[in-house]
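Below is one structure, written out as structure tokens; the observations come after it.
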Number of protein chains: 2
Amino acid sequence: MPPRKTRDQIDRIFYPQSLAVVGTNKVRGTVPGDIFVNILKDDFQGVIYPVAPGERFISGIKAYKYVLDIPDEVDMAVLVFPSSVCHMAMEQCGQKGIKSMIIISAGFKEVGGAGVEREKQIKAIADKYGISFIGPNCLGVINTDPKCRMNASFARQMPDEGNIAFISQSGALCTAVLDYARAKHIGFSKFVSFGNKADVNEIDLLYYLKDDPKTKVILIYLEEISDAHGLMQVAKEIISETGKPVLAIKSGRTSEGASAAASHTGSLAGSDSACDAAFAQAGIIRCDTIEDMFNFAIAFAYQPLPAGNRVAIITNAGGPGVLTTDKAIKEGLQLAKFSEETTKAFKMSLPKTANIKNPVDVIGDARADRYNIALTSSLKDPNVDGVMVILTPQSMTDIKTIAEEVANISSQYTKPIFASFMGEADVAVGIDILQRRSIPHYQVPEDMCKSFARVYRFKKQLERNAIGILGVQQFEDVDNYTAQKILDEAKAAGRNYLPEEEAEKVLKAYNLPMLPGGLANSAEEAVKIADSIGYPVVMKVISDDIVHKFDVGGVRLNIISSEDAGNAYRHILENIKRTHPEAHLKGIFVQKMVKGGEEVILGLKRDPAFGPVIMFGLGGIFVEVFKDISFRIAPVTGDSISDMIKEIKSYPLLSGARHRNERDIESIELCIQRISQLSVECPQIQELDINPLIVLDKGEGCYVADSKIML
Amino acid sequence: MPPRKTRDQIDRIFYPQSLAVVGTNKVRGTVPGDIFVNILKDDFQGVIYPVAPGERFISGIKAYKYVLDIPDEVDMAVLVFPSSVCHMAMEQCGQKGIKSMIIISAGFKEVGGAGVEREKQIKAIADKYGISFIGPNCLGVINTDPKCRMNASFARQMPDEGNIAFISQSGALCTAVLDYARAKHIGFSKFVSFGNKADVNEIDLLYYLKDDPKTKVILIYLEEISDAHGLMQVAKEIISETGKPVLAIKSGRTSEGASAAASHTGSLAGSDSACDAAFAQAGIIRCDTIEDMFNFAIAFAYQPLPAGNRVAIITNAGGPGVLTTDKAIKEGLQLAKFSEETTKAFKMSLPKTANIKNPVDVIGDARADRYNIALTSSLKDPNVDGVMVILTPQSMTDIKTIAEEVANISSQYTKPIFASFMGEADVAVGIDILQRRSIPHYQVPEDMCKSFARVYRFKKQLERNAIGILGVQQFEDVDNYTAQKILDEAKAAGRNYLPEEEAEKVLKAYNLPMLPGGLANSAEEAVKIADSIGYPVVMKVISDDIVHKFDVGGVRLNIISSEDAGNAYRHILENIKRTHPEAHLKGIFVQKMVKGGEEVILGLKRDPAFGPVIMFGLGGIFVEVFKDISFRIAPVTGDSISDMIKEIKSYPLLSGARHRNERDIESIELCIQRISQLSVECPQIQELDINPLIVLDKGEGCYVADSKIML
């Protein structure tokens, strides 16, 4: 990985005092023409120089043939030349001493072939001169900070100033987002389309936004993750150091979507469940849709976090009150139980027919005064953590005044207020007021509930972080040398598969709890091993030539005595001689037999984007039929391991629900920690399957009963 | 249940030629004042008479003191007097010969106490005079048919004419819906707020809408279901006879929501899973939110149903194309594979950088001509069943022209076209065109996919209905007399619980497959029974005084011989004598022991709203931990039974997935059919549990191993 950009380097992109638009022209409606006009008309707080060969001026401003012709110092260049000549313009920018650039031009990596080469070329020039650049193939960069006010993009309009930062891999999506945000009066601090991220990437930008005082909420749209661990790291730092939420959309959830993304970005997608796991581990809030992302973003940006999940619902219509209650409960919120004082206030001031229980129905003819009473009383109530206001446009409803009241009251309290004025045309006047005055507004109450629940969950996450999270445990008692040796030898022999007995040695080297056992080469030896382990035992033939041991009588279970053991050895041998007379036998493996445990599965798979991904689930049908499995990216912290075990639906089978035995969950955690360390220290392992890991009752540990390693 | 209203009776409400607004006044901004003005200004095609004691005229029209003073014939009355005097006005309406009314006034059942009495009173007057009425406590009725044009409601605005009917139990919600619809140019055929439904109810209205030529799609919002079977019946008739989709919201999904609904409507809610089951059985499309409901409604109302699920996605931005692909796949749609001809057309006409695979990316600088090519080629392609058009507002995008092209092209093809112009402000001009010209438009592509998938599923349902559905099977081989006798005797004895042996008799009377067995009163008898059944058998003590048989040694499993049987009998007896010396024993039950079957659960519960609800699931953890169960309302048709078995997630365990034995699913179906008949014919049964029903391999049947009946 290249070194991270410094804060200064990115600062020069967002806050230039002079900039050149290199390759602009006079034709409105084209990217080179529009971008210059955008910077000019949107009131950039610095000097702009058009570089347009063949033009004397652009929009009344003296134009230059080459950037080198500009007599003054230039901080930044916005490059809009066709891709074929970008390298030449860039070379000149370097000579001019320009250290930051935004390359809008398309026709690079995303078109493949020669484009890939062109991209390498400009990157090389940038490195030579120490230039940091955004792009190529992007919409541009917007900084709404009044100190700078730069719309270096070909977006139709500059957004309002606000405290939300949005950075996106898709330029086209930015246009939709800006249009959507403008209608909803959503403001941005920084707005970046980073395109092919040939130099500055999303991680550099995230580090910058972490310390950006103008930014309270960070949104990111990604189609491809190039440095998963870097992304996780910066997200963790942002959340733990600043408490700023990071919301992300990662497209390509389905294989069809991923292949559409691949043909669009030219990159290889990692698995979607690995992405889910990575985001969860890093505390990134993964959003399914742009709509969700902005619904959550305004909740974070406009209002304080709720102290708890007890909400008051205030409505002028019973039906929507019920729908909202349903959704609130489904989302894990609680209906606040009003204090006696609040109930008294409601009884005194609301009409008799009003429903003074939560959801509070102020009745269809309610005007602003009733909303005021319901809202202020709820906010004062110590049993209420936040309020959701619903309005339907009935003939007596003074929509505008109610919106103003809601906004006025909100400014006096530190509890969050959300609103949903239902409808569209008549309520527009009220919605406009709410949006301008930073009350998160939702067209449907269901989205309001979902967003409230989302901020509440983030609040809980911050609290948990504050308590202190368990780190990654590093075991000293592992024998890395032996493990490496086995793996390397197998690899050197051209094998991509470790047979069970070798896999066991690797796991043993990492001190995973193996079932006691040993390889016997005679009946006597088998009996001796069995005696030393204690009965019952199982025996299975070990041979590279026999794949389905069970089917050919190569396995015997439940051997209960020395006599039994001797017979079992001889029987297996006879079976094999009959069915596989040519097979080369390494011996017969004698192993302790465990009864009555719960079978779980531990897996490890190396993902192209996320590296080693650890998988956990209950064995058999739970994995096969219910797909009831959880994932984490290695290395895994103690907290994450505990989460990944609890997160499967069949967790109650381990935790002792409904009169079941409580299993030794702690021993599973230790195994996962060791697997995590193994996956990091032995990159040769492509896949590892422990199936099953037999987990005994609490305090009695667990045993690896079968394992496989792919190289 | 009262007799259904006739078509004529409802017709008189929607199509009066003269109407009186009884109780109106001159005060605008009040319900009585607004309603008269609404009818007048919205151009009612008939005569209006204001009845306003104390006024000479209203809005320039001669007013009458009493309805009886009107010299002409009056078809309908809209009643807006305070609830306390409604009965008097109504009496006069009856005397006047008026046969239909809309009672807007509130203050009836919904306020409890005296209100309940007032509602009974007006209903009695209506019955006396043969009056049919909507309400009380409602927003009113709107009929957009130009023949009538009646806005007999206090809604702020009359909606456009259209082919969607909306009927709602919540008046306030109607105001939000109308406002929302107006902004989106969604038109309605009929719009009814039916309030307390003291006379005309939702079922009457649905029967009317079934035959209403102006209505293509029917929407209903319900807070309480008073006649579940009536509702299911009419929905089935609508769908099978006319193919009109019925979309419903039923609020009160959570217990908190249900109790909010109850305090709002004064009614008892049935279980939500029963509601889900009932809607699914009747073919009603249950929507979670108002937004979903209208998203689906415009898809049904504006476009033909797709022949299949192979969609083409056309976009001018890669990112949204990927997001849409993800969602389409998740919703069960397929990306169409273009024919060679289409691919050729794309190659010839689209720029080189365009992605000509599905999703088709016509690239950011696309104007209407490129959209035209992509759209027409896709529509002509026999591999495409429908097209989804995405647009992001980039600087070169001619939004208005593209919208017009989409609409023009749509009118020439019979395949459905959906659109999502992403953003809000800039794209508004395009969205407006799409909405006015009946292209279903969605602000986010995800909703577009969801809606396309929804209409596709409905299409599949119609196809299945067309093939012919399996009816309810009625078994002749049941002994209803015996079952009734046992149940009645238990009830007469004041018991609310049938012990196992009695429950078994009831089930046996309905010919459910009981495990062979018999009651023994001596060791010899036990051996004799066991010998005749064949080994292995189980034995269990039968006594009303012993609840937990297992814990006191009252059960013995796996008895494999006559000798064993005799010993088991004696052992159980000794155990019981020691632990329950006082217990009265009915004997010891000897029963066949089945091994290796899959345990499933069959249940029956009488729901307050839906009547007998049948439950099915796999035993043990599947029910307890995963809640993996399915429900149907009895009587259950053959199709429904097959669906309810397949619908559980653990179905693969029965169907033989992954090398498992295929179980005798047909025998489960028969059991469910018999339980369904039992539940209908023996209303004394409140709850029935068969746990487990042991299902053997295909062709080998199943056995009831344990059962319980609650009265």
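The values are calculated or read from the model by the stated rules, or taken from the named source; none is laboratory data. Since the structure is predicted, the reported quantities are computational estimates derived from the model, not experimental observations. Heads up, the Cβs are rebuilt from the backbone with ideal geometry, glycines too, and the neighbour counts pull from every protein chain shown.
Condition first: at positive phi and in the same structural domain as A:VAL51 (by TED's automatic domain parsing). Can you find one or more residues in the stretch A:85-99 that meet it? Outline the logic, then answer.
Of the stretch A:85-99, the ones at positive phi are A:97.
Add one more test, that the residue is in the same structural domain as A:VAL51 (by TED's automatic domain parsing), and what stays is A:97.
Yes.
Just a yes or no: is a residue in the stretch B:223-230 touching a strand residue (DSSP E or B) at 6+ places or on another chain (Cβ under 8 Å), under 27 Å from A:MET396 (Cα atoms) and either part of a strand (DSSP E or B) or outside the structural domain of B:GLN443 (by TED's automatic domain parsing) (or both)?
yes
The number of residues in the stretch B:60-101 that are loosely packed, with under 12 Cβ neighbours inside 10 Å and assigned to a strand (DSSP E or B) comes to 1.
Filtered by the rule that a residue be surrounded by fewer than 20 Cβ atoms within 10 Å (Cβ to Cβ) and part of a strand (DSSP E or B), the stretch B:493-527 gives B:TYR497, B:MET514, B:GLY518, B:LEU519. Within the stretch B:357-372, can one find any residue that is free of Cβ contacts under 8 Å to residues at least 40 places away in the same chain, of a type in the set (Val, Ile, Thr) and either part of a helix (DSSP H, G or I) or on the phi < 0 side of the Ramachandran plot (or both)? No, that holds for no residue. Among the conditions (1) out of contact with any Asp or Glu (no Cβ under 9 Å at 6 or more places or on another chain); (2) exposed (fewer than 14 other Cβ atoms within 10 Å of the Cβ), the only one that A:ASP545 does not satisfy is (1).
Might you let me know whether the stretch B:665-681 holds any residue that is on the phi < 0 side of the Ramachandran plot and not in a helix (DSSP H, G or I)? No. Kindly indicate the residue of the stretch A:232-248 that is touching a helix residue (DSSP H, G or I) at 6+ places or on another chain (Cβ under 6 Å) and under 18 Å from A:ASP276 (Cα atoms) and also farthest from the other protein chains (Cβ to nearest Cβ) among those meeting that condition. Top of the filtered list is A:LYS236. With the structure loaded, tell me whether B:GLN394 is farther than 28 Å from B:THR637 by Cβ, part of a loop (DSSP other than H, G, I, E, B) and touching a helix residue (DSSP H, G or I) at 6+ places or on another chain (Cβ under 7 Å) or whether it fails that test. Considered against the rule, which asks whether it is farther than 28 Å from B:THR637 by Cβ, part of a loop (DSSP other than H, G, I, E, B) and touching a helix residue (DSSP H, G or I) at 6+ places or on another chain (Cβ under 7 Å), B:GLN394 comes out as yes. Count of the stretch B:152-168 residues, restricted to those that are crowded, with 22+ Cβ neighbours inside 10 Å and more than 7 Å from chain A (Cβ to nearest Cβ), is 11. For the stretch A:20-35, the tally of residues that are part of a loop (DSSP other than H, G, I, E, B) and in contact (Cβ under 8 Å) with a residue 24 or more places away in the chain stands at 4. Does B:ALA165 meet the test of being touching a Pro at 6+ places or on another chain (Cβ under 6 Å) and small (Gly, Ala, Ser)? When the stated conditions are applied, B:ALA165 does not pass them. Total residues in the stretch B:6-45 satisfying the condition of being in contact with a helix residue (DSSP H, G or I) (Cβ under 7 Å, 6 or more places away or on another chain), more than 20 Å from B:CYS86 (Cα to Cα) and crowded, with 20+ Cβ neighbours inside 10 Å: the figure is 1.
For B:ILE48, the requirement of being within 14 Å of chain A (Cβ to nearest Cβ), in contact with a strand residue (DSSP E or B) (Cβ under 7 Å, 6 or more places away or on another chain) and buried (at least 20 other Cβ atoms within 10 Å of the Cβ) is not met. Applying the criterion of being small (Gly, Ala, Ser) and crowded, with 24+ Cβ neighbours inside 10 Å to the residues of the stretch B:352-400, the residue that is nearest to the other protein chains (Cβ to nearest Cβ) is B:ALA366.
Could you tell me whether any residue of the stretch A:515-537 is under 18 Å from A:MET710 (Cα atoms) and without any contact (Cβ under 8 Å) to a residue 40 or more places away in the chain? Walk me through how you get there before you give the answer.
As a first pass, look at the stretch A:515-537 and keep what is under 18 Å from A:MET710 (Cα atoms): none.
For the stretch A:515-537, residues under 18 Å from A:MET710 (Cα atoms) and without any contact (Cβ under 8 Å) to a residue 40 or more places away in the chain: absent.
For the stretch B:307-317, check the following and say yes or no: at least one residue is under 30 Å from B:ARG436 (Cβ atoms) and modelled with pLDDT under 95. Looking through the stretch B:307-317, at least one residue is under 30 Å from B:ARG436 (Cβ atoms) and modelled with pLDDT under 95. Would you point out which residue out of B:ALA530, B:ALA490 is assigned by TED's automatic domain parsing to the domain that holds B:SER561 and either part of a helix (DSSP H, G or I) or more than 30 Å from B:GLU700 (Cβ to Cβ) (or both)? Going through B:ALA530, B:ALA490 in turn, the sole match is B:ALA530. If you go through the stretch B:316-351 and keep only what is more than 8 Å from chain A (Cβ to nearest Cβ), closer than 15 Å to B:ILE373 by Cβ, outside any helix (DSSP H, G or I) and in contact with a helix residue (DSSP H, G or I) (Cβ under 7 Å, 6 or more places away or on another chain), you end up with just B:LEU350.
Where residues in the stretch B:130-147 are of a type outside the set (Gly, Ala, Ser) and surrounded by fewer than 16 Cβ atoms within 10 Å (Cβ to Cβ), which of them is nearest to B:CYS93 (Cα to Cα)? Residue satisfying both the conditions and the ranking: B:LYS147. Please determine, by comparing only the residues of the stretch A:403-442 that are of a type in the set (Lys, Arg) and part of a loop (DSSP other than H, G, I, E, B), which one is farthest from the other protein chains (Cβ to nearest Cβ). Taking the candidates together, the pick is A:LYS415. In the set (1) within 14 Å of chain B (Cβ to nearest Cβ); (2) crowded, with 17+ Cβ neighbours inside 10 Å; (3) within 26 Å of B:GLU647 (Cα to Cα), the condition left unmet by A:GLU624 is number (2).
Name every residue in the stretch A:416-429 that is closer than 27 Å to A:LYS330 by Cβ and either surrounded by 20 or more Cβ atoms within 10 Å (Cβ to Cβ) or assigned by TED's automatic domain parsing to the domain that holds A:ARG182 (or both), in order of residue number. Explain how you work it out, then say what you get.
Residues of the stretch A:416-429 closer than 27 Å to A:LYS330 by Cβ: A:416-424, A:427.
Once the filter is applied, which keeps residues that are closer than 27 Å to A:LYS330 by Cβ and either surrounded by 20 or more Cβ atoms within 10 Å (Cβ to Cβ) or assigned by TED's automatic domain parsing to the domain that holds A:ARG182 (or both), the stretch A:416-429 yields A:PRO416, A:ILE417, A:PHE418, A:ALA419, A:SER420, A:PHE421, A:MET422, A:GLY423, A:VAL427.
Reported count of residues in the stretch B:169-192, each being of a type in the set (A, V, I, L, M, F, W, C), at the interface with chain A (Cβ under 8 Å from one of its Cβ atoms) and surrounded by fewer than 24 Cβ atoms within 10 Å (Cβ to Cβ), is 1.
The set of residues from the stretch B:500-530 being over 12 Å from B:VAL590 (Cβ atoms) and aliphatic (A, V, I, L, M) comprises B:ALA503, B:VAL506, B:LEU507, B:ALA509, B:LEU512, B:MET514. Among the criteria (1) under 36 Å from the mean Cα position of the chain (by Cα); (2) in contact (Cβ under 8 Å) with a residue 60 or more places away in the chain, the one B:LYS460 does not fulfil is (2).
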